[in-house]
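The values are calculated or read from the model by the stated rules, or taken from the named source; none is laboratory data. No experiment lies behind these values; they were computed from the predicted model shown. A quick note on method: Cβ atoms are made from the backbone with ideal geometry, for glycine too, and the neighbour counts reach across all protein chains shown.
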Amino acid sequence: MKKILLTLFFVALGIAAGVVSFRSFISVKEVEVPELAGLSPDDARAALGRRGLEFEVQGSEYSATVPQGLITSQSPASGQPVKQRETVQVVISRGPEGQSMPNILGKTIQEAGMILSKDELGITKVISVHSPSVPPGLIIAQTPQPDRDTGSPISVIVSAGPADVSYYCPDFRGMSPDEAGKLANSVGVNLAFTGVGNSVASQNPSPGARIEKGQNIELDLDYTGGGQWPR
């Protein structure tokens, strides 16, 4: 008799647990699956999390239209109603299959654009830097580098030519040749002396004029300020 009662107890317990589980299942909220195509995995995970859904990467595939690293497809499809806590699987783009980055070094932005357009590519970011050796407007560097996969966004560095280094011409008048030479060295200009004397009487360019590094400054010497005249 005890065995029969014990058996009936466990049967009743099982039925009660099943009823609780069923009620828990039917009480789970139903939500609509969001559109994930074109999103990054992090953005997709966040979008699903806001609706109580799980995220899983099913695999990857080549795509000529979806940039590398972004989602190409999903299951269940967007707009489909599902229970919360259900998992949505996605496929990640590997970029175009077998497509390598053209070499656009030394090209202008316009020339590079024409080259890239043949492969349905385009420049997404342009950075301009000064260069003492590359003429203005030409591409110094590119990302991705030539012959690498083109899945990532394309950015280039363009030469802005040499940096303009200019400043105001110092006043050399009244200085000795040695003093003028030391000042010229400190500012990076060259001196050309004319005349004879112990002091600078005049100069060209005049004091305060705009000059550039490496420019020649003409200084006319004379005997002033108590200097000795030649005998």
Report task. Find the residue count for segment 85-130, including only residues that are of a type in the set (S, T, Y) and on the phi > 0 side of the Ramachandran plot. Result -> 0
Query raised in the report: Residues of segment 125-136 being loosely packed, with under 15 Cβ neighbours inside 10 Å and either in contact (Cβ under 8 Å) with a residue 60 or more places away in the chain or in a loop (DSSP other than H, G, I, E, B) (or both), which ones?
Result: H130, P132, S133, P135, P136
**Report entry** Selection within segment 201-222 - of a type in the set (D, E) and at pLDDT below 90
**Finding:** E212
Requested in this report: Determine whether segment 81-102 contains at least one residue that is under 18 Å from the mean Cα position of the chain (by Cα), of a type in the set (A, V, I, L, M, F, W, C), at pLDDT 90 or above and in a loop (DSSP other than H, G, I, E, B).
Outcome: no
Requested in this report: Considering only segment 139-200, give the strands (runs of 3 or more DSSP E) lying wholly within it that have at least 1 residues that are more than 18 Å from the chain's Cα centre (by Cα), surrounded by fewer than 16 Cβ atoms within 10 Å (Cβ to Cβ) and at pLDDT 90 or above.
Outcome: 190-195
Query - All positions within segment 40-67 that are surrounded by fewer than 18 Cβ atoms within 10 Å (Cβ to Cβ), more than 10 Å from V88 (Cβ to Cβ) and not charged (D, E, K, R) - result: S40, P41, A46, G49, G52, V57, G59, S60, Y62, A64, T65, P67
Query - Qualifying positions in segment 63-80 - part of a loop (DSSP other than H, G, I, E, B), free of Cβ contacts under 8 Å to residues at least 60 places away in the same chain and not β-branched (V, I, T) - result: S63, A64, L70, P76, A77, S78, G79, Q80
Requested in this report: Kindly indicate whether P136 is over 14 Å from A37 (Cβ atoms) and either touching a helix residue (DSSP H, G or I) at 6+ places or on another chain (Cβ under 8 Å) or of a type outside the set (A, V, I, L, M, F, W, C) (or both).
Outcome: yes
Report summary line: Exactly one of V33, V66, V19, V57 is of a type in the set (A, V, I, L, M) and either modelled with pLDDT under 55 or not assigned by TED's automatic domain parsing to the domain that holds V91 (or both), and that one is V19
Query raised in the report: What residue, among those in segment 103-123 that are out of contact with any Leu (no Cβ under 8 Å at 6 or more places or on another chain) and part of a loop (DSSP other than H, G, I, E, B), is surrounded by the most Cβ atoms within 10 Å (Cβ to Cβ)?
Result: L121
